[in-house]
Amino acid sequence: MPQTQPSARSLASLLVAQAQVTFNSSAASLMLLALVQFPGVTAGTDADGHKGLLGALFAAPLVLFAPLAGWVTDRFPKSRVLKFAAAAQIVLFAALATALRHQQLALAITLVVLLALPMALFAPAKRGILLELVPAEKLSRAVGWMEMFSVSALLLGAYFGGRMFDHWAVVKGGPWQGAFWTAMVLGGSSMIGWALLLLIRQTQPQSAEPFSAGLFVRHGAQIIELWRARPILRATVGIMFFYGL
């Protein structure tokens, strides 16, 4: 890969924008969990069962579409992929707010699960683009800053998603109103992330590999490749443990 010229503005915009996108996704997940556990919203059903099922559904797209997301982020400019994912998040929040306004729980759950699809694209793109925005000698520091911003946003989103739901549920007089206004706030803030991504300089595609149906089932081959590269495998297990904790 050719040496890149450092871009302070692009890097700063990326760090803040990816934190904003992560915060929104985390807050939306916690808001929906709070909604389904609110007394009366899922009357006659197991609220704890809903919580476990939702947790699995939120993570499923990140796992199922990982190879496809990796192909997309190499086949197309990562700067464009990031902007597309952020724009998709805005559209999904608008649809989510509409579903909550009309108290359509199944549709709201579907839309929050779909919010994981832009994140499945966003995650590899935001890490991969660092190689194109900073020189090699500054890459480790940039990765450290990105992970710090990302994990902080994940935790803050989990906290404020529930707090916003509680606040609006009290102020507006009910759980559906609380969820609706939380989605509205998050949808508005998602525009900030998208606007910041416009400041990132344009990058170039890193692969010309054509699309194939095998991308959807490439997990096995990639796991075997990972298993053979023991240093990378150990690093991967460490990352899994950290995020699992």
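The values are calculated or read from the model by the stated rules, or taken from the named source; none is laboratory data. Note that the structure is a prediction, hence the values are computed from the model and not measured. Heads up, the Cβs are rebuilt from the backbone with ideal geometry, glycines too, and the neighbour counts pull from every protein chain shown. Note: areas computed on protein heavy atoms with side chains; ligands, DNA, RNA excluded. Shrake-Rupley method; radii C 1.70, N 1.55, O 1.52, S 1.80 Å.
Overview of results
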read-out	value
Qualifying position, being of a type outside the set (A, V, I, L, M) and in contact (Cβ under 8 Å) with a residue 40 or more places away in the chain, among E137, E225, E147, E132	E132
Breaking point among (1) in a helix (DSSP H, G or I); (2) open to solvent by 90 Å² or more (accessible area, probe 1.4 Å), for Q204	(1)
Odd one out for P2, checked against (1) more than 17 Å from L156 (Cβ to Cβ); (2) modelled with pLDDT of 90 or more	(2)
Residues of region 207-245 that turn out to be open to solvent by 80 Å² or more (accessible area, probe 1.4 Å) and outside any helix (DSSP H, G or I), as a count	4
Among the candidates A106, A158, A123, residue that is more than 23 Å from V72 (Cα to Cα) and under 16 Å from the mean Cα position of the chain (by Cα)	A158
Residue pairs meeting the criteria (Cβ under 8 Å; at least 6 apart or on separate chains; first within 18 Å of A19 (Cα to Cα), in region 180-191; second polar (S, T, N, Q) and open to solvent by less than 60 Å² (accessible area, probe 1.4 Å))	L186/N24; S189/Q20; S189/N24; S190/Q20; S190/N24; S190/Q89
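Table: residues versus (1) open to solvent by less than 60 Å² (accessible area, probe 1.4 Å); (2) in a loop (DSSP other than H, G, I, E, B); (3) modelled with pLDDT under 85.
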site: R9; (1), (2), (3): no, no, no
site: A17; (1), (2), (3): yes, no, no
site: A27; (1), (2), (3): yes, no, no
site: P39; (1), (2), (3): no, yes, yes
site: G55; (1), (2), (3): yes, no, yes
site: V63; (1), (2), (3): no, no, yes
site: V72; (1), (2), (3): yes, no, no
